[in-house]
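Notes for the one structure printed next.
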Amino acid sequence: MTQAPLSTRLPAIILTIIPLLCLIPSFVLAAYSSSHKDWTWRTEYDQQSHGFLGITHRGPFQTCVLTTKPNSPDVCTHTLKPGGLCDENSRARGDNMHFCRQLTLGGRLLYSGDALLGAALLGVLVLTASTAMQVLRSANGTYVPSLFGLGYTAPASTSVHHRNRHHALATPTALRSANHTPLAYVTLLTRLLSALSSLLLLTGTFITTNTLVNIQYPIGDWYTTGNPDNFDIVTQDFAGPWLMGKAVGWCAAGAVLAGVASYLIGLVWEVPQVGVDSTFAGLGAAVEGESKDTSKEV
């Protein structure tokens, strides 16, 4: 059989690689933003002159401080433990139990989301590798639904034939064939991992951002003490309010891409299905009886 030109197989090839193209930037954005310092930032002022000292940042896995030299970059300390740089008993940075435990929860959710997203990416790599070459070589953009095209025998195709309404169907007719191939279960697992990672990343982003922006000291003083247009607050805290950084948007974008990828995976590959059979004998008998009643009336 002559192989069809590439133009006839191009749509199938594009569909096969789209989930992978979504999950790669999703994982990169989520992992990079989770460890980044720019979740929140604030302006700090000199305690003596009240002049501009610099901008400092803080993330779920980083704590940054400024030196006393004006316009100097902030120096950050990294950790792999969620909330590990937050001290519930510290008074120097204003950390407290409520703030630290929420920051720890947000960090754990981000950790879990990144881990599940990484597993989903591996699953999509397996799915793509098992089908892309088959689609590329096929005549009409099809593939064998098994891992790397091995160990699977396609079921015999069945169809519902249109019979005369006066004749009963004596044998069951398959409406949908069962699908229990290894590839189908890998697809189901990958979809679940991608969807769960999206949910965890979105929840972790919300909790972490709310904690760092709305709970972290001295945000309460900034909105309750004096007039923000004068130096009263700067005199007290020597710092401006905590503001949202760029990493929040990066992590949210990664979560959205993971959710989109979960949907696209279901469009490209089939998940396990239970076969459905139906017997039309009873229906045929009923139709035949109805026909006899009609003939009597005539």
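The values are calculated or read from the model by the stated rules, or taken from the named source; none is laboratory data. On a predicted model such as this, the values are computed, not experimentally measured, just so you know. Note: ideal-geometry Cβ built from the backbone for every residue, glycine included; neighbour counts use all protein chains shown. What goes into the accessible areas is simple: the full protein's heavy atoms, side chains included, and nothing from ligands, DNA or RNA. Shrake-Rupley method; radii C 1.70, N 1.55, O 1.52, S 1.80 Å.
Which condition does TYR45 not pass, out of (1) touching a helix residue (DSSP H, G or I) at 6+ places or on another chain (Cβ under 7 Å); (2) at pLDDT 90 or above; (3) of a type in the set (Phe, Trp, Tyr), if it passes all the others?
Among (1) touching a helix residue (DSSP H, G or I) at 6+ places or on another chain (Cβ under 7 Å); (2) at pLDDT 90 or above; (3) of a type in the set (Phe, Trp, Tyr), the lone unmet condition for TYR45 is (2).
Tally the residues that are open to solvent by less than 50 Å² (accessible area, probe 1.4 Å) and either over 16 Å from SER34 (Cβ atoms) or among the β-branched types (Val, Ile, Thr) (or both), restricting the search to segment 65-85.
Of the residues in segment 65-85, 4 are open to solvent by less than 50 Å² (accessible area, probe 1.4 Å) and either over 16 Å from SER34 (Cβ atoms) or among the β-branched types (Val, Ile, Thr) (or both).
Conditions (1) hydrophobic (A, V, I, L, M, F, W, C); (2) at pLDDT below 85, marked per residue:
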| site | (1), (2) |
| --- | --- |
| PRO172 | no, yes |
| THR181 | no, yes |
| PHE206 | yes, no |
| ILE215 | yes, no |
| ILE219 | yes, yes |
| PRO241 | no, yes |
